[in-house]
Amino acid sequence: MPVPTEELKLEIVNAATGKTLGAKAAAAADAALVVRDFPDGGPSPDQWQLTPVQTAQAAQAPDDQAYVIRNAVSGKVIENPTAADRGIRQWNAAAGKKGQQWRLVPVDGEAGLFVIEGVTDGAVLDLAEPGADDTRIVLREYDESAESQRWRFVPADPERTSDPVLRWSSLSHWNGRQSWRLAPSAALRPAPGATPAFSDLLLVLEGYGSDQSAGAWQGGDGANGSPGGWWAATGARFLADTTGAGRADIIALKPAKPAMTSSSRGDGTFDDERALHQGAPSPNAADLWTLADTTGSGKPAIVVLAADGVRISSQDDNGKFAPSGGELALKAFGHGNQAGGWVPGKHPRFLADTTGDGRLDLVGCHDDGVWISRQDEEGKFAPLPDEPALSAFGHGEAAGGWVPGKHPRFLADTTGDGRLDLVGCHDDGVWISLQDEDGTFADPLYVLDDFGTAQGWTSTEDHPRYLLKTGESGAPALIGFGPQGVVVSHGRGDGTFEPAKLVLNDFGLAQGWTGAKHLRLLADVTGDGNPDIVGFGDEGVWVAHSLGNGQFEQAQLVCRGFGYNDDAGAWRVGRHPRFLADITGEGRPDIIGFGGPGVYVARNLFRRFRTR
């Protein structure tokens, strides 16, 4: 687990005994520290907070950061009193006192375990008598084989709040008539001073649903690849701007049927279903689809990874798409042998402007490495060369053994030069390949020992990871949903990243979030330029607003719907796709979900209810 930030409250647990660090006697504020059991029904375990020591040395060498470990209730800090028995106590904080400063050193090969080292002499926290009750904490020389010197930080339960949500409540009258009024929902606990973030969900279109009467759709999201490399397979329903008007429309790919669409009306509703192509054939079951403005013209095109390669259906002046499969743009990146034999479960593919010229290029990670086809000024994709652009980030062992279900890969400008670099999270952590002015990718560099399977990030399903900017300027940051919660590592602007921090004790496996039941996304729901966390949990939709510095507020329940529990709609991953997309053109994402009877929408209310 990464080092938690000072806002989080933690229990400090000894790895050898499983017992929790605390004061020997609750009545003695300056008591010696011990590890002991805290049985159910008894006093709560002591909780601590980590406060970074602000020094010039720490700013230049973040890996050498020291911390003050503060009791979250009493404000006392862990101190080395230089006693003869080397016993540790909690004491009043004193600014700059070295005996109250500690380094947290990760244990190699043990995800989430740390050695707590004093800055004065390098001695580490240990147990005086391992296994005994109320064992005192002492300082000893570091012993790499001593499990009693290893500690785990366990974040406290999240302190969640909720927005007030209005519902229609019936009123009965003496004459038997019935009317309705808006009343707060009893299911939510209002947060003081909060305003609604999203409306209640509303069924806006009967169709595209999993019920028999709504089309008996069974496919889930249909996503393939990593964030930034999104493709839809047959059976998928998704949202895309088909006209360039700034509003997302519905696209649906049903087997043995033409591709269908329903245009957004701009008011949160959609038109009835119609064929996306006039007289178009049904999609091939093995094809992958996306919509993108490939040339910078403002008109999105349909891009299909077909058997024989990349096929593009552009729009005419009347907004009509050319028939699917009308133009073979590139004989590569397809699932047929004649186009390279690209397999969705092994070979992620991306559409991205790799050079900053405003045109999208095609990038794919095959068995032997990274292949790139750049688009020229005439909108033509260059044939693939004889050798990959980079013999790394590939599925084969010689290219790193990258597996899409375990190792997400991203394209992002990490240095600010306008060119995209390749970033990936492998077993041991984060690797990057920088692109130079000539479009050449350098050999990968290992830049961060986190976000990998060795640190507990077992799969992309349970632990989604994103690489994106957290504001209007600055290098992109890695944001992930780890075993203990939300983890952030800020980019330094040179292709490297700062040490990862656990910034929110929510949305992780420890808080009950799993990929099989819950979706977790990042989107700017307030319009301030910073990505917020949106999670589709058991009770409904939870949002943790960004504070603008890589930190997040505690989550609020903003919509009593789209959730896993029966009273939240019984939505299922793999059957009921849910999206964040702007369907009104107001510039903020709404929530759209494909449920049993059809399409549900919860409008983004932030701008409408915001106070100035």
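The values are calculated or read from the model by the stated rules, or taken from the named source; none is laboratory data. Please read these numbers as outputs of a predicted model, since none were measured by experiment. Cβ coordinates were reconstructed from backbone atoms using ideal geometry, including for glycine residues, and neighbour counts include every protein chain displayed. The area values use the complete protein model at the heavy-atom level, side chains included, leaving out ligands, DNA and RNA. Shrake-Rupley method; radii C 1.70, N 1.55, O 1.52, S 1.80 Å.
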Counting only protein heavy atoms with a 1.4 Å probe and every protein chain in place, the carbon and sulfur fraction of the accessible surface of the chain in whole percent equals 48
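Work out how much length LYS517 to LEU328 would gain on full extension: take 0.36 nm times their residue separation and subtract the Cα-Cα distance, in nm to one decimal.
The LYS517-LEU328 span can extend by a further 64.1 nm.
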With every protein chain kept in place and a 1.4 Å probe, the chain has an accessible area per residue in Å² of 43
Gyration tensor on Cα atoms of segment 461-592, a ≥ b ≥ c root eigenvalues, a/c under 1.5 rounded, else prolate if a/b beats b/c, else oblate, says oblate
For the chain the mean separation of alpha carbon contacts under 8 Å (6+ apart) over residue count, i.e. relative contact order in percent, is 12
Checked segment 228-318 with the C-alpha gyration tensor, a ≥ b ≥ c its square-rooted eigenvalues, rounded below a/c of 1.5, otherwise prolate if a/b is larger than b/c and oblate if not; verdict oblate
Rounded to the nearest 5, the percent of antiparallel DSSP beta bridges in the chain equals 95
So for segment 76-139, using the alpha carbon gyration tensor with a ≥ b ≥ c as root eigenvalues (a/c under 1.5 gives rounded; past that, a/b versus b/c decides prolate or oblate), I'd call it oblate
Cross-link reach from LYS320 to aspartates and glutamates, straight Cα distance under 20 Å and at least 8 residues apart if same chain, gives ASP241, ASP249, ASP271, ASP272, GLU273, ASP293
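Under a point-charge model restricted to the Cβ atoms of Lys and Arg (+1) and Asp and Glu (-1), what is the dipole moment magnitude of the chain relative to its Cα centre, in debye to the nearest 20?
Computed charge dipole of the chain: roughly 2260 debye.
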Most packed first (mean Cβ within 10 Å per residue), the peptides 8-16, 41-49 order as 8-16, 41-49
Ordering TRP371, TRP431 by the accessible surface of their heavy atoms, 1.4 Å probe, largest first, yields TRP431, TRP371
From highest to lowest solvent-accessible area (probe 1.4 Å; ligands, DNA and RNA excluded), HIS576, HIS490 read HIS490, HIS576
Relative contact order of segment 405-560 (C-alpha contacts under 8 Å, at least 6 apart) in percent is 15
With every protein chain in place, the accessible area of LYS98 for a 1.4 Å probe, in Å² rounded to the nearest 10, comes to 120
For 406-417, 251-262, 138-149, ranked highest to lowest by mean beta-carbon neighbours within 10 Å, the order is 406-417, 251-262, 138-149
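Quote the Stokes-Einstein diffusion coefficient, in whole µm² s⁻¹, for segment 397-458, based on the Kirkwood radius over alpha carbon pairs, a temperature of 20 °C and a viscosity of 1.002 mPa s. Walk me through the intermediate numbers first.
Working: Rh = 12.1 Å.
After rounding, the answer is 177 µm²/s.
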Heavy-atom accessible area with a 1.4 angstrom probe orders VAL35, VAL107, most exposed first, as VAL107, VAL35
Read-out Cα extents along the principal axes in Å, candidates (1) 122, 78, 48; (2) 74, 74, 47; (3) 87, 84, 42; calculated match is (3)
Scoring segment 61-108 by relative contact order with C-alpha pairs under 8 Å, at least six apart, yields a percentage of 38
When the charge dipole of the chain is computed with +1 on Lys and Arg Cβ and -1 on Asp and Glu Cβ about the Cα centre, the Cα farthest towards its positive end, among PRO408, SER546, GLY480, belongs to SER546
